[in-house]
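Written below as structure tokens is the structure these notes are about.
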Amino acid sequence: MRLQKAWSDRRIDSVPNLSTAASCRWYVKLVEGVDYLRNGFCIIIGATYGKGAGCMKSLRIVLLLLVVGAGVLFFWNKDEYLAPAQDAKSGDTEQTPKAEAAQKPNGDIERWINQAPETLEEDQGEPNRIDQSSYGYEWYIYDKGDAYAQYGVKDGRVITAFAVGEASLAKAKLGESREEVEQDYPLQEEVSFRYDSDRYTFKLKEKDQQIQPLAQIGDGLFAQFYFDTFEDELTAVRVLTDEQLVMERPYDVTYTGQLPEQPQLSNEEWQQVQGGMEQQVIEITNVMRSHFDVPPLEWNDQVAAVALGHSEDMQKQQYFSHVTPSGEELGDRLADGQVRFQSAGENIAAGYTDAPAAMIGWLNSEGHRKTMLDASYEELGVGVYRYYYTQNFLLQ
């Protein structure tokens, strides 16, 4: 056992071959057992029931009455059998709540796992863009204002999805409380499963249980539930296959066998990944600000360059602070970047698996949350270097 520190039986039955007399009894019992026939028909059928030579004649009467009864039943209850109503002008068909959820931009997002990206595009349209991830797949980005989603595609199928804003799983939707989510999904301290003949047990720390609990929601399918602990509501969700969970390892894990190797990226590949994460950070930030009725932020290239410089410096010099080893603070870095401002703020993060995960971390930290949701800021620059993240907020 090794430790890696964070990241039904079906049955059928048949009707026996019945004799003539038994058939008469069977048909009468069948009709008497049908609860939707009216009492008048049951009385007539009871009166025509007989034995011996008259049985076949009675049987024909019974069958005739069954046909008549079924016809009457249809017209009495036709509304229950006809297709959903359709508006004559718009052509819209009434939908069940389940169908309506599935047609929303991020409704039942787990339904896309293992689907081809072409199927996703037929339903959702072309993505706003395609970003590279650091785990060997592409992110199909869909930013539809209050409904934001990322779908991870690898080898011609969707293997993971993240959604924030307006979204749902089959049994939960964003905005629900933890208690409501736990009615359908067990959120436990440990999650164990087998994959590719090896066994893995993900062990969640107390903070993980509070902010990003994990649950198995299907065969080889898992969900990370991201909570806003200040509001006690589900704010985002990620679904991923067992293979991808083992690859990304967002929690401490004990295992037998071996762990798959994570991709080794070139500098050029990292630049593509980092650029994608920077855009994801501002987009998710604006979704979160919108949720709290705070105006969106505009991208500022100059500020982004300053933020990237700080992330890179922290990674290369292996420190984590708003103050550099040489004593420079945010104001100094903005001045060096020739950025004029009235007020500015900064959030930093390190060690998160990707940009969405870092965003959840900031949302659940009081100081970072306050900065991110500050309505006085109008612009944002984001810099990501490897797994170091910096947000610089600005009012010019």
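With open to solvent by less than 10 Å² (accessible area, probe 1.4 Å), in contact with a Ser or Thr (Cβ under 6 Å, 6 or more places away or on another chain), farther than 21 Å from GLN132 by Cβ and not in a helix (DSSP H, G or I) as the only criterion, which of TYR226, TYR200 stands out?
TYR226
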Filtered residues of the range 368-380 (kept if closer than 27 Å to GLU248 by Cα and buried (at least 22 other Cβ atoms within 10 Å of the Cβ)):
MET372
Scan the range 276-302 for residues that are part of a loop (DSSP other than H, G, I, E, B) and open to solvent by 30 Å² or more (accessible area, probe 1.4 Å) and jot them down.
PHE292, ASP293, PRO295, PRO296
Go through SER326, SER343, SER365, SER321 for me and flag whichever is surrounded by fewer than 21 Cβ atoms within 10 Å (Cβ to Cβ), within 36 Å of the chain's Cα centre (by Cα) and farther than 30 Å from VAL237 by Cβ.
SER321
Identify the single condition in (1) within 15 Å of VAL382 (Cβ to Cβ); (2) under 24 Å from the mean Cα position of the chain (by Cα) that GLN271 does not satisfy, given that it satisfies every other one.
(2)
Based on this model, can you work out whether MET314 counts as in contact with a Ser or Thr (Cβ under 8 Å, 6 or more places away or on another chain) and either at pLDDT 95 or above or within 10 Å of GLY383 (Cβ to Cβ) (or both)?
yes
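The values are calculated or read from the model by the stated rules, or taken from the named source; none is laboratory data. Given the structure is predicted, the values throughout are model-derived calculations rather than measurements. Methodologically, a virtual Cβ is constructed for each residue, glycine included, from the backbone with ideal geometry; neighbour enumeration extends over all protein chains shown. Ligands, DNA and RNA are excluded from the accessible area calculation, which covers all protein heavy atoms including side chains. Shrake-Rupley method; radii C 1.70, N 1.55, O 1.52, S 1.80 Å.
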